[in-house]
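Trainee: One structure, as C-alpha cells, below. Some questions next.
The values are calculated or read from the model by the stated rules, or taken from the named source; none is laboratory data. Since this is a predicted model, take the numbers as computed values, not measurements. Cβ sites come from the backbone with ideal geometry, for glycine too, and all protein chains shown count toward neighbours.
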Amino acid sequence: MNITYYGHSCFGVEVSGKHLLFDPFISPNEKAAHIDVDAIPADYILVSHAHGDHIADLVSIGKRTGATIISNYEIVTWCQGQGLDKGQPMNHGGQWTFDFGSVKVVNAIHSSSFPDGSYGGNPAGFVVTTPEGAFYYSGDTALTYDMKLIGDQHRLKFAFLCIGDNFTMGVKDAIRAAKFIDCDDIIGMHYDTFGYIEIDHGRSKAAFAAADKSLTLMRIGDQIQK
Ligand code: NI
Ligand code: MN
C-alpha cells in the first residue's frame with residue numbers, strides 16, 4: 001500500500017490498484033498550501049463525518065475524479081444533492097466489499113453536522129480490509145471501549161489515529177486506543193493544523209515508544225509504503 005499525506009486527516013491510500021482518499025481537507029489548510037488539489041487521484045472517497053475540516057474539498061475532488069463516495073447515508077445523500085451521484089451509503093456495523101477490498105463502518109465518539117448546521121448523520125471510523133492487509137482509520141473520536149472489538153475482529157497492519165487532543169483523543173488516549181485495537185504501527189492525524197491541536201512531535205513519539213508502539217508523523221506531501 002502506498003500512503004500519501006495531504007495534511008490534517010486527509011490521506012491517500014493506493015491499494016489493489018485503486019486510489020482511496022480519506023477526509024479531503026486541503027485547500028483551506030495553510031500547512032498544505034504546496035499540495036496541488038487538482039492532481040490528487042481518487043477512485044473512492046471515504047468520509048468519516050460532515051465537519052468542514054473533513055469535507056472542504058470533497059465536492060470538487062469528487063466531481064473531477066468521479067469517485068465513489070463511501071460514508072454514512074446522510075453524507076452520501078447530501079453528496080448526491082451536490083451532483084456526486086456515485087455513492088455507497090453505509091452505517092455503523094455495516095460492511096461492504098468493493099473491488100479493492102472491504103470497508104466496515106465502526107463507531108466514533110464525536111459529532112457530525114455540516115458547516116451550515118444541517119444534520120450529517122453519526123460520525124464513524126473505517127476498517128479497510130484488502131489483499132495487502134487491513135487498516136483502521138479512526139476519524140475524529142474519543143477513546144472508546146468499542147475499539148476493543150476492532151482488535152478482537154481484525155488483524156491490523158497499521159492504523160490512522162487522531163492524536164491532537166481538544167476535539168479528539170490526545171496522545172495518551174491514542175496510545176491506549178492502539179492497545180485496544182491491538183496494533184503497533186500508528187500513523188498520527190488531526191494534529192498541528194490549528195492552535196488547539198498542536199503537539200510536541202518528539203514527546204509524542206517517545207510516549208508511543210515507551211508503550212512499545214510506533215508513531216509515524218508524516219510530512220504533508222510525503223509518501224510511505226506499508
Ligand atoms: Ni470533527
Ligand atoms: Mn475534525
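Trainee: When the residues of region 130-143 are narrowed to those that are surrounded by fewer than 19 Cβ atoms within 10 Å (Cβ to Cβ) and more than 13 Å from ligand 1 (Cβ to nearest atom), which ends up nearest to the chain's Cα centre (by Cα)? Spell out how you get there, then give the answer.
Mentor: Within region 130-143, the subset surrounded by fewer than 19 Cβ atoms within 10 Å (Cβ to Cβ) is 131-133, 142.
Add one more test, that the residue is more than 13 Å from ligand 1 (Cβ to nearest atom), and what stays is 131-133.
On the way: Pro131: 20, Glu132: 18, Gly133: 17 Å.
For region 130-143, the residue satisfying everything is Gly133.
Trainee: I'd like the full set of residues that are in contact with a strand residue (DSSP E or B) (Cβ under 7 Å, 6 or more places away or on another chain) and crowded, with 20+ Cβ neighbours inside 10 Å, limited to region 110-121.
Mentor: Taking region 110-121 first, the residues in contact with a strand residue (DSSP E or B) (Cβ under 7 Å, 6 or more places away or on another chain) are 113, 119-121.
Gly120, Gly121 - these are the residues of region 110-121 that are in contact with a strand residue (DSSP E or B) (Cβ under 7 Å, 6 or more places away or on another chain) and crowded, with 20+ Cβ neighbours inside 10 Å.
Trainee: Which residue out of Ala108, Ala50, Ala56, Ala32 is aliphatic (A, V, I, L, M), out of contact with any Pro (no Cβ under 9 Å at 6 or more places or on another chain) and within 16 Å of ligand 2 (Cβ to nearest atom)?
Mentor: Working: Ala108 fails: out of contact with any Pro (no Cβ under 9 Å at 6 or more places or on another chain); Ala50 fails: out of contact with any Pro (no Cβ under 9 Å at 6 or more places or on another chain); Ala56 fails: out of contact with any Pro (no Cβ under 9 Å at 6 or more places or on another chain).
Exactly one residue qualifies, and that residue is Ala32.
Trainee: Tell me, yes or no, whether region 159-179 has at least one residue that is among the hydroxyl-bearing types (Ser, Thr, Tyr), surrounded by fewer than 18 Cβ atoms within 10 Å (Cβ to Cβ) and at pLDDT 95 or above.
Mentor: Scanning region 159-179, I find no residue that is among the hydroxyl-bearing types (Ser, Thr, Tyr), surrounded by fewer than 18 Cβ atoms within 10 Å (Cβ to Cβ) and at pLDDT 95 or above, so the answer is no.
Trainee: Additional query: Name the single residue that is farthest from Arg219 (Cα to Cα) among those in region 1-34 being part of a strand (DSSP E or B), touching a residue at least 60 places away in the same chain (Cβ under 8 Å) and among the aliphatic types (A, V, I, L, M).
Mentor: Pass one, region 1-34, residues part of a strand (DSSP E or B): 2-5, 11-15, 18-22.
From what's left, touching a residue at least 60 places away in the same chain (Cβ under 8 Å): 2-5, 11, 13, 15, 18, 20, 22.
Within this subset, residues satisfying the condition of being among the aliphatic types (A, V, I, L, M) are 3, 13, 15, 20.
Working: Ile3: 12, Val13: 15, Val15: 21, Leu20: 19 Å.
Once the filter is applied, the top-ranked residue is Val15.
Trainee: Do we find a residue being away from ligand 1 (no atom under 16 Å from the Cβ) and touching a helix residue (DSSP H, G or I) at 6+ places or on another chain (Cβ under 8 Å) anywhere in region 46-57?
Mentor: Going through region 46-57, the residues away from ligand 1 (no atom under 16 Å from the Cβ) turn out to be none.
For region 46-57, residues away from ligand 1 (no atom under 16 Å from the Cβ) and touching a helix residue (DSSP H, G or I) at 6+ places or on another chain (Cβ under 8 Å): absent.
Trainee: A follow-up question, please. What about Ala50, is it aliphatic (A, V, I, L, M) and closer than 19 Å to Pro115 by Cα?
Mentor: Values: aliphatic (A, V, I, L, M): yes; closer than 19 Å to Pro115 by Cα: yes.
Here the answer is yes, as Ala50 does meet what is asked.
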